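*Asks:* First, the structure itself, so that you have it in front of you.
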Amino acid sequence: MTIKLYNTATRTKEEFHPLEPGKARIYVCGVTVYDLCHIGHARSSIVFDVLVRYLRARGFEVTYVRNFTDIDDKIIDRARSLGKETAALAREQIDAFYEDMDRLGVMKADHEPRATDFIPSMIDMIQVLMEKGFAYLEGADVFYSVESFEGYGELSGRKLEDMKAGSRIAVDEKKRHPMDFVLWKGAKPGEPQWQSPWGPGRPGWHIECSVMSNHYLGSTFDIHGGGRDLLFPHHENERAQSVAATGGGFARYWVHNGFVTVEAEKMSKSLGNFLTIRDALEVYHPEVLRIFLLSKHYRSPLDFSKSAVVEFQSALARIYRTLQRVDELLEKQIGTDQGNKGERTDTLFEQFIDVMDDDLNTAGGIALLFDKVKEMNRLMDTIGDPPDQKLVQKLLLEREELLAAAEVLGLLEEKPEDFFQKISSQSLSMSEEEIETLILERAKARAEKRWADADAVRKRLQDAGIVLEDGPKGTTWRAELR
């Protein structure tokens, strides 16, 4: 089966055929580094992380580029409010981005350029646009003329004559058309600036991605990705200036992920529902966030709510408990040759490919994992004691298939005991020392046949969200997943 991706430019699912067979070149717009990343950034980063993982799993050699915008009005304004240099703030936030992405299991891109490293190349592209008649100088600013580019608005499905200056487009009397956008901004007092043929200043936002994608991937490449909010004006403007400057086709497939709301509201600091990745990771295990953010199709809107995330935490815990059960069963198989697993069928992975080939259907892929876990538990229920060795070998194969599919999604990368320890520590309302003390108190009460006292301790722990499990090796505990 051939991979199909929804191409925003054509509004249809298209078979993915890269320019160069077996190779995929991808550019994804990264973050503007003025503040900590929020849960919407997490979704976009994870979606394209999975796209790259999946293409590689399907045998493609992938070149993945994701940029940092490290000069921008927002960075300048926040740096000024904090009394910092813009470069220092940008470095701090890039470091914070890497910390957040590492915790979420998001792999680094092959190239992660910063806008300020490419300003000479931006100046060169702006000069080309001016020479070709696509840009004009007005005072100390250089603007792109959208009327000069035939097809402006086609990517976002807009008609130039119907467009009005929107909330993200600054109304400027110097523009020839309200949609014209700035390529170079003349210097203002106290702002970072670079020398150019038009005097000191700094680049506009859109030009950086055109320059960096062209540098690493060429004038025509395979996939351009980003959040839905970037479709207009950012991606529309990127496309217009890139095609005009280079004569290439720019991106052949445009892939956009949907918005994230919080409790059915758009994220906003004024509403008090602005959820940073760090805030979320204080409460939820990173893989819980990953599975939740992948639980709906990437193009669909996704509402972040505590109840929805906890539901997927419980579901992920069921998978990890199954893996733990498998490990415990295999530990008993003294003399079992786990290296001789027979012929591998990869039934699950074949199904996984069929589902994921259809526009990166991660929700369908996750559903297959849940189905496989049910099969594995049914198999373990019938494996016998002593276990049937053929069934043991089948179980080993099924575990391999489960982990292979999960790896593409960036899931099940923990040891089960580590996963449970982490989610327990995040859910506890009392310290581990207090819990262990109460467990010893209960054990003493049971030994002395003070059953009411033992039940009272269990009830106290239960009310605190602690589940006790009595077994041959004694009493163990875990946090209840609510």
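The values are calculated or read from the model by the stated rules, or taken from the named source; none is laboratory data. Not measured: the values here are computed from a predicted model. FYI the Cβ positions are ideal-geometry reconstructions off the backbone, even for glycines, and counts take in every protein chain you see.
*Asks:* Just the residues that are under 25 Å from Ala404 (Cβ atoms) and not in a helix (DSSP H, G or I), please, taken from region 56-82.
*Replies:* So the first thing to find is which residues in region 56-82 are under 25 Å from Ala404 (Cβ atoms), and the list is 56-64.
If the condition is that a residue be under 25 Å from Ala404 (Cβ atoms) and not in a helix (DSSP H, G or I), then Arg58, Gly59, Phe60, Glu61, Val62, Thr63, Tyr64 are the ones that fit.
*Asks:* So for region 151-168 (the condition being within 30 Å of Arg25 (Cβ to Cβ), surrounded by fewer than 23 Cβ atoms within 10 Å (Cβ to Cβ), in the same structural domain as Asp110 (by TED's automatic domain parsing) and in contact with a Pro (Cβ under 7 Å, 6 or more places away or on another chain)), does at least one residue qualify?
*Replies:* Yes, region 151-168 contains at least one residue that is within 30 Å of Arg25 (Cβ to Cβ), surrounded by fewer than 23 Cβ atoms within 10 Å (Cβ to Cβ), in the same structural domain as Asp110 (by TED's automatic domain parsing) and in contact with a Pro (Cβ under 7 Å, 6 or more places away or on another chain).
*Asks:* Report yes if Tyr253 is under 21 Å from Tyr6 (Cβ atoms) and in contact with a strand residue (DSSP E or B) (Cβ under 7 Å, 6 or more places away or on another chain), otherwise no.
*Replies:* Details: under 21 Å from Tyr6 (Cβ atoms): yes; in contact with a strand residue (DSSP E or B) (Cβ under 7 Å, 6 or more places away or on another chain): yes.
In short, yes.
*Asks:* Please specify each residue of region 394-448 satisfying the condition of being of a type outside the set (A, V, I, L, M, F, W, C) and assigned to a loop (DSSP other than H, G, I, E, B).
*Replies:* Residues satisfying the conditions are Gly410, Glu413, Glu414, Lys415, Ser429, Ser431, Glu448.
*Asks:* Is it fair to say Val182 is more than 21 Å from Thr86 (Cβ to Cβ) and either modelled with pLDDT under 95 or assigned by TED's automatic domain parsing to the domain that holds Thr69 (or both)?
*Replies:* So Val182 fails the test.
*Asks:* Kindly indicate the residue of region 441-482 that is under 43 Å from the mean Cα position of the chain (by Cα), of a type outside the set (D, E, K, R) and surrounded by fewer than 14 Cβ atoms within 10 Å (Cβ to Cβ) and also modelled with the lowest pLDDT among those meeting that condition. So that I can check it myself, show each step before the final result.
*Replies:* Filtering region 441-482 down to residues under 43 Å from the mean Cα position of the chain (by Cα) leaves 457-482.
Filter once more, keeping what is of a type outside the set (D, E, K, R): 457, 461-462, 464-468, 471-472, 474-477, 479, 481.
Now narrow it down to the ones that are surrounded by fewer than 14 Cβ atoms within 10 Å (Cβ to Cβ): 462, 471-472, 474, 476.
Details: Gln462: 82, Gly471: 78, Pro472: 72, Gly474: 82, Thr476: 80.
It comes out as Pro472.
*Asks:* With the requirement that a residue be small (Gly, Ala, Ser) and either free of Cβ contacts under 8 Å to residues at least 12 places away in the same chain or assigned to a loop (DSSP other than H, G, I, E, B) (or both), what does region 126-163 give you?
*Replies:* Gly133, Gly139, Ala140, Ser145, Gly151, Gly153, Ser156, Gly157
*Asks:* Which of (1) over 22 Å from Phe97 (Cβ atoms); (2) touching a helix residue (DSSP H, G or I) at 6+ places or on another chain (Cβ under 7 Å) does Thr261 not meet, given it meets every other one?
*Replies:* Going through (1) over 22 Å from Phe97 (Cβ atoms); (2) touching a helix residue (DSSP H, G or I) at 6+ places or on another chain (Cβ under 7 Å) one by one, Thr261 breaks only (2).
*Asks:* Going through region 382-410 one residue at a time, which ones are hydroxyl-bearing (Ser, Thr, Tyr) and touching a residue at least 60 places away in the same chain (Cβ under 8 Å)?
*Replies:* none
*Asks:* Does Asp49 fit the bill of being outside any loop (DSSP other than H, G, I, E, B), farther than 26 Å from Glu20 by Cβ, out of contact with any Asp or Glu (no Cβ under 8 Å at 6 or more places or on another chain) and charged (D, E, K, R)?
*Replies:* For Asp49, the condition - outside any loop (DSSP other than H, G, I, E, B), farther than 26 Å from Glu20 by Cβ, out of contact with any Asp or Glu (no Cβ under 8 Å at 6 or more places or on another chain) and charged (D, E, K, R) - is not met.
*Asks:* Being of a type in the set (A, V, I, L, M), closer than 30 Å to Met212 by Cα and under 20 Å from the mean Cα position of the chain (by Cα) is true for just one of Val260, Val283. Which residue is that? Talk me through it step by step, then tell me what you get.
*Replies:* Numbers: Val283 fails: closer than 30 Å to Met212 by Cα.
Just one listed residue meets the conditions, Val260.
*Asks:* Failed condition for Thr345, given (1) modelled with pLDDT of 95 or more; (2) of a type in the set (Ser, Thr, Tyr); (3) in a loop (DSSP other than H, G, I, E, B); (4) in contact with a Leu (Cβ under 8 Å, 6 or more places away or on another chain), with all others met?
*Replies:* Condition not satisfied by Thr345: (1).
*Asks:* Related question: Let me spell it out: the conditions are (1) closer than 24 Å to Met179 by Cβ; (2) buried (at least 19 other Cβ atoms within 10 Å of the Cβ); (3) not polar (S, T, N, Q), and Asp229 meets all of them except one. Which number is the exception?
*Replies:* (2)
*Asks:* Let me ask you something else. Just checking, which of Glu236, Glu287 is closer than 30 Å to Ala135 by Cα and either among the β-branched types (Val, Ile, Thr) or surrounded by 17 or more Cβ atoms within 10 Å (Cβ to Cβ) (or both)?
*Replies:* Glu236
*Asks:* Okay, next question. Please verify whether region 401-422 includes one or more residues that are touching a strand residue (DSSP E or B) at 6+ places or on another chain (Cβ under 7 Å) and either modelled with pLDDT of 80 or more or of a type outside the set (A, V, I, L, M) (or both).
*Replies:* yes
*Asks:* Sticking with this one: So Ile277 ticks every box in (1) among the aliphatic types (A, V, I, L, M); (2) farther than 22 Å from Tyr298 by Cβ; (3) touching a Lys or Arg at 6+ places or on another chain (Cβ under 9 Å) but one. Which box is left unticked?
*Replies:* Every listed condition holds for Ile277 apart from (2).
*Asks:* Picking from Trp198, Trp205, which residue would you name as being assigned to a loop (DSSP other than H, G, I, E, B), in contact with a Leu (Cβ under 7 Å, 6 or more places away or on another chain) and touching a residue at least 40 places away in the same chain (Cβ under 8 Å)?
*Replies:* It is Trp198.
*Asks:* So is Val392 buried (at least 16 other Cβ atoms within 10 Å of the Cβ) and under 30 Å from the mean Cα position of the chain (by Cα) or not? Can you show your working first?
*Replies:* Numbers: buried (at least 16 other Cβ atoms within 10 Å of the Cβ): yes; under 30 Å from the mean Cα position of the chain (by Cα): no.
No, not satisfied.
*Asks:* Let me ask something additional. Under 12 Å from Asn237 (Cα atoms), of a type outside the set (Ser, Thr, Tyr), in the same structural domain as Met122 (by TED's automatic domain parsing) and surrounded by fewer than 23 Cβ atoms within 10 Å (Cβ to Cβ) - does that describe any residue in region 194-202?
*Replies:* No - not one qualifying residue is present in region 194-202.
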